[in-house]
Amino acid sequence: MENLRTVRGVHDLLPDELYKHQIVIKSGLEISNKYNYSQIEIPIFEFSEVFTKPLGNSSDIVTKENYVFRDRSEDELMLRPEGTSGVVRAFLNAGLVQDVPQRFSYYGPMFRYERPQKGRLRQFKQLGIECLGLSSAMADIEVISLGQEFLDQLNILDKINLKINTLGDFDSRKIYRDALISYFSDYKSKLSEDSIKRLSINPLRILDSKSDEDLKIVENAPSILEFLNFDSKTRFENICKGLDHLNIKYTIDKNLVRGLDYYCHTAFEFTTNELGSQGTVLAGGRYDGLSKMLGGPDVPGVGWAAGVERLALMIESKFINKIEVVLMGQSESFNYLLLPILKKLTQNGIKSEIIYTGNMSKKFKRANKLKASYAIILGEEEVGKKVLKFKDLTSGKEELLKLSEVLLKVTND
RNA sequence: GCGGGUGUAGCUCAGUUGGUUAGAGCGCGGGUUUGUGGUACCUGAGGUCGCCGGUUCGAAGCCGGUCACUCGCCCCA
């Protein structure tokens, strides 16, 4: 048994659980489609640079959490740890820069070598949308609104909070970053071990530290909002105004930051406290720098990704595999006669199954377990009269019918 | 990668201070029913007690290691 298990953090999806995933994915794609975001599919692995260039070496995603390998032609490839880079790469590749805006949706597996927890796996699914080619704040609002409606459709909005912040444009952020470094440097001896490292690698990360020692220092740290230049400031105000206009509730969290280098301006997270420390259920922001980092022209973009497993953990839904008709023969030799009947039923869209083995009693027990509505029984008597015995398994009523009559009864039901 | 918890039948879990053949409920198989289910009753199968090693006359229970899950950190959807 030992070597039959799945790899750590990689799980099988049995019908019950898969069903929930499908509900999440289906409603995500549906609502996106209504907003004219067209679904695309991109490879699950790319040349490593597609991820290493834009994600930056300050991000754990590409430094310690990646699945990198060489194929037979010695190319260095990476299983995708996120979707956005690949989508933008595909967009550039297809020459769609000439035809903006472009709105895309996608879903599929992502891979990160992390310590698994509930709602955090090494192979997990994300569903995301990207709006490319619009620098207007309107696009940010649209994208957030779409995300909110998605969660609403899943009926979990009452368990969700929306937090937003701005990282400013690259100029504002650079000045802010310097201000943070100088502020935190004064407290260097009191910072947590992790945050001392962050100070040189990614000082913004100190802001969302959870350690008690850091929290006190962070409390009085300079806020990004004070360092925004005019454009960045009005853009953020416009976004808040837009959300108000849509009656979308949010809180401004000045400590909300992003791990990935390509983000700028808007950052947002839909979170829940139902999933322990994996509370972020849908998150995204603006990434105007990404296209250029990939070697393309300047193309603004904004989007989000949602964790399918995390959302699936939150929705109430049970997979009930109900079957309409079961077919059973008096003995094995009648199974041959049942095959064409099964074919006819399925051709008429009726979900059916032949119960091949066991005596009649066994077959009926099996029919109950399958939650079948009707049974078709075929034996000597029926063959002689050229009819089928049709039994309503709820009422227990039986009658002798022709196949055409059975089809009518079941399809009209 | 770091720290805590857990691991006994297909599932949910009992198992006393270490003591002979390791239990229950549900589920599964067979029967009461040779062409009829859901209920009921009878009955049976199924466990290397996660894995490896150690302590002991003796380990499911103690110790060490390891693997998996889980909670927190890091990070993130």
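The values are calculated or read from the model by the stated rules, or taken from the named source; none is laboratory data. Values in this document were obtained by computation on a predicted structure and should not be read as measured data. Neighbour counts run over all protein chains shown; Cβ positions are idealised from the backbone, glycine included. Calculation scope for accessible area: heavy atoms of the full protein, side chains included, ligands and nucleic acids excluded. Shrake-Rupley method; radii C 1.70, N 1.55, O 1.52, S 1.80 Å.
Tabulated data
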{"item": "Rounded to the nearest 20 debye, dipole of region A:152-249 from Cβ charges on Lys, Arg, Asp, Glu", "result": "140"}
{"item": "Sulfur and carbon atoms: percent of accessible area, chain A [1.4 Å]", "result": "49"}
{"item": "Cα→Cβ-extended label distance, 7 Å offset, between A:ILE196 and A:ASP178, nm", "result": "2.7"}
{"item": "Packing rank of A:147-157, A:284-294, A:247-257, where each peptide gets the mean count of other beta carbons within 10 Å, highest leading", "result": "A:284-294, A:147-157, A:247-257"}
{"item": "Cα-based helix-to-principal-axis angle, A:230-245 vs chain A, degrees rounded to 10", "result": "30"}
{"item": "Mean Cβ neighbour count within 10 Å, used as a protection proxy, ranking A:168-175, A:4-11, A:190-197 highest first", "result": "A:168-175, A:190-197, A:4-11"}
{"item": "Separation in nanometres of the label points that stand 7 Å from Cα toward Cβ, at A:LYS351 and A:LEU225", "result": "5.2"}
{"item": "Pairwise label distance in nanometres, A:VAL10 with A:LYS254, each label 7 Å out on the Cα-Cβ vector", "result": "4.6"}
{"item": "Dipole of chain A, positive direction: furthest Cα of A:PHE91, A:ILE224, A:TYR263, with charges on the beta-carbon", "result": "A:PHE91"}
{"item": "Net lengthening on full extension, A:ILE40/A:ASP71 (0.36 nm per residue, minus Cα-Cα)", "result": "8.6 nm"}
{"item": "Within chain A, percent of DSSP bridges classed antiparallel, to nearest 5", "result": "80"}
{"item": "Accessible area (Å², 1.4 Å probe, nearest 10) - A:THR394", "result": "130"}
{"item": "Reachable lysines from A:LYS188, criterion Cα separation under 26 angstrom, eight or more residues apart if same chain", "result": "A:LYS64, A:LYS174, A:LYS197, A:LYS210, A:LYS216, A:LYS254"}
{"item": "Using alpha-carbon coordinates, inclination of helix A:15-34 to the longest axis of chain A, degrees", "result": "60"}
{"item": "Peptide ranges A:298-304, A:160-166 listed from the most packed, as the mean C-beta count within 10 angstrom indicates", "result": "A:298-304, A:160-166"}
{"item": "Cβ-placed point charges (K, R +1; D, E -1), dipole of chain A about Cα centre in debye, nearest 20", "result": "1380"}
{"item": "Modelled FRET efficiency - R0 35 Å, A:ASN33 with A:LYS292, Cβ distances, 0.05 increments", "result": "0.75"}
{"item": "In degrees, nearest ten, helix A:84-93 long axis to first principal axis of chain A (Cα)", "result": "90"}
{"item": "For A:MET138, solvent-accessible area (1.4 Å; no DNA, RNA or ligand), Å²", "result": "120"}
{"item": "For A:GLY358, net neighbour charge (Lys/Arg +1, Asp/Glu -1) across residues whose Cβ lies under 11 Å away", "result": "+3"}
{"item": "Extended-chain gain in nm, criterion 0.36 nm per residue less alpha-carbon gap, A:VAL383 and A:THR234", "result": "45.5 nm"}
{"item": "Rounded to the nearest 10 Å², the accessible area of A:LYS233 at probe 1.4 Å", "result": "100"}
{"item": "Contact order normalised by residue count of chain A, Cα under 8 Å, 6+ apart, percent", "result": "16"}
